[in-house]
Each structure stands twice: as structure tokens, then as C-alpha cells.
1. Out of all the residues in segment 63-107, which are more than 18 Å from VAL163 (Cβ to Cβ), within 12 Å of ligand 1 (Cβ to nearest atom) and not hydrophobic (A, V, I, L, M, F, W, C)?
2. So if I check each of GLU81, GLU35, GLU43, GLU50, which one is free of Cβ contacts under 8 Å to residues at least 12 places away in the same chain and part of a helix (DSSP H, G or I)?
3. Would you say LEU282 is surrounded by 18 or more Cβ atoms within 10 Å (Cβ to Cβ), aliphatic (A, V, I, L, M), within 19 Å of the chain's Cα centre (by Cα) and closer than 24 Å to VAL20 by Cα?
4. What strands (runs of 3 or more DSSP E) completely inside segment 150-261 contain at least 1 residues that are under 26 Å from VAL18 (Cβ atoms), among the small types (Gly, Ala, Ser) and within 12 Å of ligand 1 (Cβ to nearest atom)?
5. Given the structure, is VAL163 at pLDDT 95 or above, under 17 Å from GLY242 (Cβ atoms), crowded, with 18+ Cβ neighbours inside 10 Å and β-branched (Val, Ile, Thr)?
6. Looking only at segment 302-311, decide whether some residue is more than 27 Å from ALA253 (Cβ to Cβ), in contact (Cβ under 8 Å) with a residue 12 or more places away in the chain and either surrounded by fewer than 20 Cβ atoms within 10 Å (Cβ to Cβ) or away from ligand 1 (no atom under 14 Å from the Cβ) (or both).
7. Given (1) more than 16 Å from LEU54 (Cα to Cα); (2) crowded, with 16+ Cβ neighbours inside 10 Å; (3) of a type in the set (Asp, Glu); (4) touching a residue at least 24 places away in the same chain (Cβ under 8 Å), where does GLU211 come up short, assuming only one miss?
Amino acid sequence: MAPAILDTRGRSLRNLRVSVTDRCNLRCGYCMPEEEYVWLPREHILRFEETAQLVDVFLDLGVDKLRLTGGEPLLRQGLHELVRQLADKPRVRDLALTTNGLLLPEQAQDLRAAGLKRITVSLDTLKPDVFTALTRRPGLERVLTGIEVAARLWPREVKLDAVIMRGTNDGEIESLLEFARERGVELRYIEYMDVGGATRWTSDAVVSREEILERLAHRFGRIVPAGKSGSAPAERFTLSDGTVFGVIASTTAPFCRACDRSRLTADGLWYLCLYAKLGIDLRGALRKGASRTELAELIARTWRARDDRGAEVRLASHARGPSVPADSLRVDPHLEMHTRGG
Ligand code: SAM
Ligand code: SF4
Ligand code: SF4
């Protein structure tokens, strides 16, 4: 294992989220609530060989966990080919994907065969009308079919992520866990975050970790902490029947202290924090012919200077609202969660 490169707070460079597209086939209210979006220029999007080249440099520097994301990653043509290239790299210890599940029924088999190890499907509701209102698109049936297919292909390696918003899906906290339990998959509740893109965010709409746990205890009885796993953001809990679930309290109890993740956008900008305003232009360096050593020096130098703790800073700020106004998002779409990769 390569020696860890540490940032100014002693956090290692281990975990890279690779966004493969800024496009999405849904318009979730907590992520893409606007009518119009500014998309990344097509010629800026990294080819798979370029993504793999950059990933190699990160692997040289100690990264061993990769997660493909987006936008909606399954919209990227031939994604399984990138998965195969990455899965073949000996230093990749973990290769996962986050998807909204709509295109899983037709792509899951190819992704499995290509070597994808784990999959997370976003599922915020079990009600078709709520799904359509929340995502502004139909398709819950296809997502549910995608989850069934994934649960067969990746036994014990499927997770479901649910962002809980007051007044939208907070009535489904219990039923989502029942759904996951019946299928043997782990559900994780995510607090609604004021990230870029969440232009309708209000603190009233956040359902906190505390409230989620209270509701679950009321329905299912005693809940026991199951311990955190390393730098993973989810706190895990167990019901008395052994059902395990997670809560990601990114808004009320952020985990910046242990954060080893950074994000590469589909056009090759590297962000050190979900809330960072500026990214490092690795595409530019790569396309200008920087060598593997030069790229490694740039990445290592940048990580060593990292001081980001965006969610903790947000927590300390008074009078919270959306972190980036909609007009700034139009000027720089990299500030969007769907461009940066959640
Ligand atoms: N499109 C894929 C999906 O939805 O799974 C992958 C990209 S999406 C940006 C990744 C994750 O970010 C999703 O699980 C989504 O729920 C989460 N997300 C987006 N906006 C959020 C917000 N404002 N607060 C909390 N989570 C958010
Ligand atoms: Fe929803 Fe993911 Fe698309 Fe954002 S990127 S709108 S969370 S499906
Ligand atoms: Fe990491 Fe930034 Fe999220 Fe904190 S806010 S956990 S530093 S990505």
C-alpha cells in the first residue's frame, strides 16, 4: 500500500469519487430544482482513457476506494467499459457506484460482469405520486425493478440511500426501512444538505438524525449503535431483529474530521470538499501533456495543503440558507452537487 498523503488536519487521500457525467434523467427537488441548467461543454468531458490515466495517478498516491457517480452515471454511454478498466487495476480495493436506479434493469448485468463490487441506489419514496413530485419524472417502478435486480447480482453489497425532507417523504421513514429489511439490503438515511444545487434548502425541511432515530425507536423498539466503520460517513445502528441501517448526519453532525474523500468532475476538475468553491484543473494539466510524475506532484501538493471542513463551517454559520445562490450556479455549474458528484 502506498504511504498515505496527509492534509493539514491529518486526513489521508484514500477515497475518490469520479463523476462520469453532469447529466441526469431526474430532477430531484433537493439537487436539481431549477427549470434550466448550464451543462459542461461536451469536448471537456474526459474520455475513459483520460479518466483512467488520472485515476492511476491517484492510485499511486494511496487512493484505494473509488466510487462512480454523476449526475446519473448510467447515462454515460458504455459505462461498463470504464468499470472494467478500473476493476482490473490491482490497487483498487473498492469500486462502487451511486445511481438513481432508473437504468439499472438493463445495465446491471454488464456492470456486474465488468467487476463493479458494490452499488448504492437512491430511493427516497415508495409512492409513485411522491416520486413524480420529488423527481419531476415518472419511473419509480423501474427503480424498484433495478433494486431487485441489483439485490440478486450483488448479494449483501447493495445499499439504499434516502434523503429525508420534511413535508415530502418524512412520512416514509419507517416504510423505507421495512422495504430494505424485506430485501436484505442496508438503508441509509441522509440529512438534507445545503449543498450547491439545493437552492430550495431551508433548515425547517431538514429531518435530523435525532428525529429519525426517535421515529424508528417508536416503531421498531430498541436501537443499538453498531459502530462506525473507519472514515465512512454513516453511523450504523441495529434493530432488535438484527436489521442494520445507517444515518448520515451531514447537516447536524458533520464528519469532516475524518473526511478522506475528494471528487473528480466529468470534465476533470478535482474538488477537495463538497462545499469547495474552486477545483484543481487536472484536465488542463493532462491535456497539456503533464507527465504522471508532474500530475502526482500537483495532486500531492494540493492535498497536503487541504484544510476544508465545509459542512462544519456551515453548521457554525447563523441564519442558514442555500450555500450557493441560483445565479452563481449558472455562472459556474461546477458548484452544483450533480456536477461535482454526491
Ligand atoms: N444520480 C445519482 C443518484 O441520485 O444516486 C448519483 C449522483 S447524486 C448527486 C448522489 C447522491 O447525492 C444521491 O444519493 C442524492 O440523494 C445525494 N444528494 C443530492 N443532493 C442532496 C442534498 N441536497 N442533500 C443530501 N443529499 C443529496
Ligand atoms: Fe437526483 Fe441524483 Fe439526478 Fe441529483 S443527480 S437530480 S440526486 S438523480
Ligand atoms: Fe468532507 Fe467537505 Fe463533506 Fe466535510 S463537508 S465531510 S470536508 S466533503
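The values are calculated or read from the model by the stated rules, or taken from the named source; none is laboratory data. If you're wondering where the values come from, they're calculated on a predicted model, not measured in any experiment. Quick reminder, even Gly has a Cβ in these numbers, built from the backbone with ideal geometry, and neighbours come from all protein chains shown.
1. Selection gives ARG76 alone.
2. Numbers: GLU81 fails: free of Cβ contacts under 8 Å to residues at least 12 places away in the same chain; GLU35 fails: part of a helix (DSSP H, G or I); GLU50 fails: free of Cβ contacts under 8 Å to residues at least 12 places away in the same chain.
Just a single option satisfies the conditions, and that option is GLU43.
3. Taking the combined requirement at face value, the residue does not satisfy it.
4. Values: elements: 158-164, 186-191, 223-225, 235-239, 244-248.
The strands (runs of 3 or more DSSP E) meeting that bar are 158-164.
5. Details: at pLDDT 95 or above: yes; under 17 Å from GLY242 (Cβ atoms): no; crowded, with 18+ Cβ neighbours inside 10 Å: yes; β-branched (Val, Ile, Thr): yes.
So VAL163 does not fit the description; no.
6. Filtering segment 302-311 down to residues more than 27 Å from ALA253 (Cβ to Cβ) leaves 302, 304.
Still in the list and also in contact (Cβ under 8 Å) with a residue 12 or more places away in the chain: 302, 304.
Checking which are either surrounded by fewer than 20 Cβ atoms within 10 Å (Cβ to Cβ) or away from ligand 1 (no atom under 14 Å from the Cβ) (or both) leaves us with 302, 304.
Yes.
7. (4)
Residues are listed down the side, and each one gets a yes or a no for (1) surrounded by fewer than 19 Cβ atoms within 10 Å (Cβ to Cβ); (2) in contact (Cβ under 8 Å) with a residue 60 or more places away in the chain; (3) polar (S, T, N, Q); (4) more than 30 Å from ASP64 (Cα to Cα):
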site	(1), (2), (3), (4)
GLU178	yes, no, no, yes
ARG183	yes, no, no, no
ILE190	no, yes, no, no
ALA205	yes, no, no, yes
ARG222	yes, no, no, yes
PHE237	no, no, no, no
